[in-house]
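Input: a single structure, listed below in C-alpha cells.
The values are calculated or read from the model by the stated rules, or taken from the named source; none is laboratory data. This is a predicted model, so every value here is computed, not measured. Positions of Cβ are generated from backbone atoms using ideal geometry, with glycine treated the same way; all protein chains shown enter the neighbour counts.
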C-alpha cells in the first residue's frame, strides 16, 4: 500500500500518523507547500497577540515527521491523474499510489466589496504567513478595522488591541454570533463585555466600498466612514478546489465525499476544510483531525464509515473572562 496525501495540515497529518500506527509498513508521502510543520492554526490569534510563544504554536516539525517514517516533502502538487493515481509535483517527479488523499484545506474569503482586495492594508488571518503580514502593518495607537464579528474576527480584534491598536469590529448581521444561535440577550452581553474591554463593536453594517486616500477608508451604505491603517477581514473560508476540479472530481462548495470520505473516484479521498459530506464543510480544526483519523481507520479496515457530527466553534480570548456570557441560556 502506498498513500499520497496532498496537504500537511491537521487533516493530512493526523491521517498519516494514524495509518502509520495501524499499518506500519505503509509508504506514506505528504505533499506540503510550507516548511512550518504542523501548527495550531486555532491559536494564531494568541500568537498574534503575543500571549503564546512560538514554540507552543508548533506542534510537530518536518524533521520529527520524517523521523517517524513519513516522507514529508516541501513541494507543490501540479496535477493529479485519477485514472493512474499519479501525482505530479513541481520538482518534476511523477509518482503512483494505491490511495490519494486530498487535504488541500481552504483559503480566507474576501467578500466582493469594491476596493477591498486591491487595498494595500487588507489582510486575513489563517496562516503563519498571514501573521507575518499583519505584524508588518501593526502600528500601536493607530486605528484598525476588522470586518466580521464571528469567532475568529473577535479573537483577531482582541489580538490587535493587545498589540496597542484601536480596533473597530464591523459585523453585517444584527447581532454577534448569530450564526451560532446566540440569543439576543447573550449577544448583547458579549457585545457589552467586549466594549468594556476596549473594542468598538458595530453590528448591522452594510459595507459599500473600501478606498485609499492617505489612509484606508471603509464606507458603509449609510455613509459612515471608518478610517484605518490596517483592515483585517474575517468573512469565512472557501475550499481549495482547483486541483480536485482539474482532476475531474465532483465538487460543489467542497470536494464531494461519501460516508467513507471517498470521492467519485475509487481510491481517492478528501478530508478537512476541502471536503463536503452531505452538504456540510466542517471548517474546524478538530473536525479535520477527527476526519483524518477516521479515514485512516477506514483505509485500515478498522471501521466502515464516518459521518460528521455537528461541532460548534468556541470563542476563546486570552485574558478575557467569558464565563458569564458562555453560561447564559
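General remarks:
- Taken as a whole, the structure leaves residue 315 outside the set of residues that are outside any loop (DSSP other than H, G, I, E, B) and either assigned by TED's automatic domain parsing to the domain that holds residue 199 or under 18 Å from the mean Cα position of the chain (by Cα) (or both).
- Residue 41 vs. criteria modelled with pLDDT under 95 and farther than 25 Å from residue 276 by Cβ: no
- For the range 95-109, the set of residues classified as over 19 Å from residue 269 (Cα atoms) and either exposed (fewer than 15 other Cβ atoms within 10 Å of the Cβ) or out of contact with any strand residue (DSSP E or B) (no Cβ under 9 Å at 6 or more places or on another chain) (or both) consists of 107 only.
- Qualifying residue in the range 44-67 (condition: more than 25 Å from the chain's Cα centre (by Cα) and surrounded by fewer than 15 Cβ atoms within 10 Å (Cβ to Cβ)): yes
- Verdict on residue 35 being exposed (fewer than 14 other Cβ atoms within 10 Å of the Cβ), closer than 30 Å to residue 137 by Cβ, in contact with a strand residue (DSSP E or B) (Cβ under 6 Å, 6 or more places away or on another chain) and not assigned by TED's automatic domain parsing to the domain that holds residue 136: yes
- Members of the range 79-92 found to be in a loop (DSSP other than H, G, I, E, B) and either without any contact (Cβ under 8 Å) to a residue 12 or more places away in the chain or outside the structural domain of residue 263 (by TED's automatic domain parsing) (or both), listed by number: 83, 92
- A single entry from 241, 284 fulfils the requirement of being closer than 30 Å to residue 119 by Cβ and either surrounded by fewer than 15 Cβ atoms within 10 Å (Cβ to Cβ) or modelled with pLDDT under 95 (or both): 284.
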